[in-house]
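The values are calculated or read from the model by the stated rules, or taken from the named source; none is laboratory data. These figures come from a predicted structure and were not determined experimentally. When we count neighbours, we look across all protein chains shown, and the Cβ atoms used for this are built from the backbone with ideal geometry, even at glycine. These area figures cover heavy atoms from the full protein model, side chains too; ligands, DNA and RNA do not enter into them. Shrake-Rupley method; radii C 1.70, N 1.55, O 1.52, S 1.80 Å.
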Amino acid sequence: MHADDAGPAPERPRRGPYRRLPVEQRREQLIAVALELFGTRPPEEVSLDDVAVAAGASRPLVYRYFAGGKQQLYEAALRSAAVELTRRFVEPASGSPTERLAQVLDRYFGFVAEHDAGYGALLRGGSVVETERTSAIVDDVRRAAFRHVMKHLGVREPGPRLALLVRSWISVVEGSALSWLDEGRQIPQDELRDWLVDQFTAMFAVTALHDRQAAEVLAAMLDREVEGSPAARLAARLGPELTS
């Protein structure tokens, strides 16, 4: 085969046109680009050159904003995702507890669907660039979720079993979201939300059999449920076990 028959050589990626942006806007752009890259490839395989090319910037410019190099940029990207995700937990104290929980999950899975790469980067461990600081960022998200759930339950000082219940359910939500992404979102988002709300109520009912505080909180929660709410529908399907 002649060299002319081989066809044109594939083009190398070209840096996008450089645009001068305000300082904060440029920093936010670099973080957004980094978060996308860190979410689609293992962080150790992402270089500052990759970030610079994707952002249409130069490597020295990236270093100007993140003098600590890739580790500092990685932590900034995780923190950005964590802040946005934490905002999704805020819910006005109106409606029944499980209705509010369903609305929070709608926003949570809205974030997961819109930022699947960022969500994966935030919650998947095992990276060589993972440090105590990056782990603390993820733990901050979990603590925020825990505080908001307890706030809507009206619990200021949860005992060990009640605390374990809520933290375990938060882990179920995280694991379900990652599996949902890995499996191509085969389960409709609203069905996954309803299942997780039912999981919360069912786990609460089982814990109430072993813990007086959980039983009292569950009774108070069910008293605030209304006809047609998630907990009311579950109670009607499962029988008196949840309302005794």
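Take the residues of the range 48-59 that are touching a residue at least 24 places away in the same chain (Cβ under 8 Å) and either surrounded by fewer than 15 Cβ atoms within 10 Å (Cβ to Cβ) or not aliphatic (A, V, I, L, M) (or both): which is farthest from ALA145 (Cα to Cα)?
SER58
Which residues, counting only those in the range 216-236, are open to solvent by less than 30 Å² (accessible area, probe 1.4 Å) and either at positive phi or hydrophobic (A, V, I, L, M, F, W, C) (or both)?
Of everything in the range 216-236, those that are open to solvent by less than 30 Å² (accessible area, probe 1.4 Å) and either at positive phi or hydrophobic (A, V, I, L, M, F, W, C) (or both) turn out to be VAL217, LEU218, MET221, ALA231, LEU234, ALA235.
Working only within the range 163-215, note down all residues that are open to solvent by 50 Å² or more (accessible area, probe 1.4 Å) and of a type in the set (Phe, Trp, Tyr).
TRP195
State yes or no: is ALA57 under 21 Å from THR131 (Cβ atoms) and part of a loop (DSSP other than H, G, I, E, B)? Full working, then the answer.
On the way: under 21 Å from THR131 (Cβ atoms): no; part of a loop (DSSP other than H, G, I, E, B): yes.
In short, no.
Of all residues in the range 81-105 being under 17 Å from TRP169 (Cβ atoms) and of a type in the set (Lys, Arg), which is modelled with the lowest pLDDT?
ARG88
All but one of (1) in contact (Cβ under 8 Å) with a residue 24 or more places away in the chain; (2) open to solvent by 30 Å² or more (accessible area, probe 1.4 Å); (3) aliphatic (A, V, I, L, M); (4) not in a helix (DSSP H, G or I) hold for VAL155; which doesn't?
Only one criterion is unmet by VAL155, namely (2).
Quick check on my filter: what residues within the range 60-108 are in a helix (DSSP H, G or I), open to solvent by less than 70 Å² (accessible area, probe 1.4 Å) and of a type in the set (Lys, Arg)?
Listed by number, the residues that qualify are LYS70, ARG100.
Out of contact with any Pro (no Cβ under 7 Å at 6 or more places or on another chain), of a type outside the set (S, T, N, Q) and open to solvent by 90 Å² or more (accessible area, probe 1.4 Å), is that true of HIS148? Full working, then the answer.
Values: out of contact with any Pro (no Cβ under 7 Å at 6 or more places or on another chain): yes; of a type outside the set (S, T, N, Q): yes; open to solvent by 90 Å² or more (accessible area, probe 1.4 Å): no.
No: the conditions fail for HIS148.
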